[in-house]
Amino acid sequence: MQTQRLLLRRYQPEDLEDFTALVSDPEVVRFEPYGTMTSDEARAALQQRITDDAFIAVERRSDGRMIGNVYLGRRDFGALELGYLFRRDCWGQGYARESCEAVIEAAFAAGVHRIFAECDPNNAASWRLLERLSFAREGHLRQNIYFHTDSDGRPIWKDTFLYARLSPNQA
């Protein structure tokens, strides 16, 4: 799939250098359920993404660099969960919006009824993007998830905002 500036495609082994740069940046993965990745961890994660249809690599057409990914995972009742991750030097340039709009449009054209996303309330850039993509905030889930534990092994609970958008054909 192509947009004006981007190529949306499956991950490839050749993406390793760009992928490692993406997932080793602490600011990029700040709100992800995982921390920064080492080269070996990135290599293993890339291998998993190469075989997973839910991960869509985003390549900038002007220079062929893989600059991020969109995630569109299948969930109950035929819904899809949207996620995205982009290199820090690409923030604020509209790449996330452009790529998300393309995959959302394709999903709705294929008959998907609902696409949802969850994000950290502290990640204002993410929830503002969702709102620009015409997602509606459906809820603020309090302490509903944790990714890490404290030094005593107790969960460090986090809130999430829940956003969703219905197909314009079925809304």
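The values are calculated or read from the model by the stated rules, or taken from the named source; none is laboratory data. Remember, predicted model here, so these are calculated numbers, not experimental data. Using ideal geometry, Cβ is built from the backbone for each residue, glycine included, and neighbour counts are taken over all protein chains shown. Just so you know, the surface numbers come from the protein's heavy atoms only, side chains and all, with ligands and any DNA or RNA stripped out. Shrake-Rupley method; radii C 1.70, N 1.55, O 1.52, S 1.80 Å.
Annotations for the structure displayed:
- So Tyr84, is it within 21 Å of Asp52 (Cα to Cα), outside any loop (DSSP other than H, G, I, E, B) and touching a Ser or Thr at 6+ places or on another chain (Cβ under 9 Å): yes
- Selection status of Leu130, aliphatic (A, V, I, L, M) and in a strand (DSSP E or B): no
- Check on Ala96, part of a helix (DSSP H, G or I), touching a helix residue (DSSP H, G or I) at 6+ places or on another chain (Cβ under 7 Å) and either open to solvent by less than 30 Å² (accessible area, probe 1.4 Å) or under 25 Å from Val23 (Cα atoms) (or both): yes
- First in region 54-69 and of a type in the set (A, V, I, L, M), second anywhere and assigned to a loop (DSSP other than H, G, I, E, B) and at pLDDT 95 or above, Cβ under 8 Å, 6 or more apart: Ile56/Arg10; Ala57/Arg10; Ala57/Tyr11; Ala57/Gln12; Met66/Tyr11; Ile67/Arg87
- Taken as a whole, the structure places Asp15 among residues that are touching a helix residue (DSSP H, G or I) at 6+ places or on another chain (Cβ under 8 Å), within 17 Å of Tyr71 (Cβ to Cβ) and acidic (Asp, Glu).
- The lone exception for Gly153 - which of (1) in a loop (DSSP other than H, G, I, E, B); (2) closer than 30 Å to Pro13 by Cα it fails: (2)
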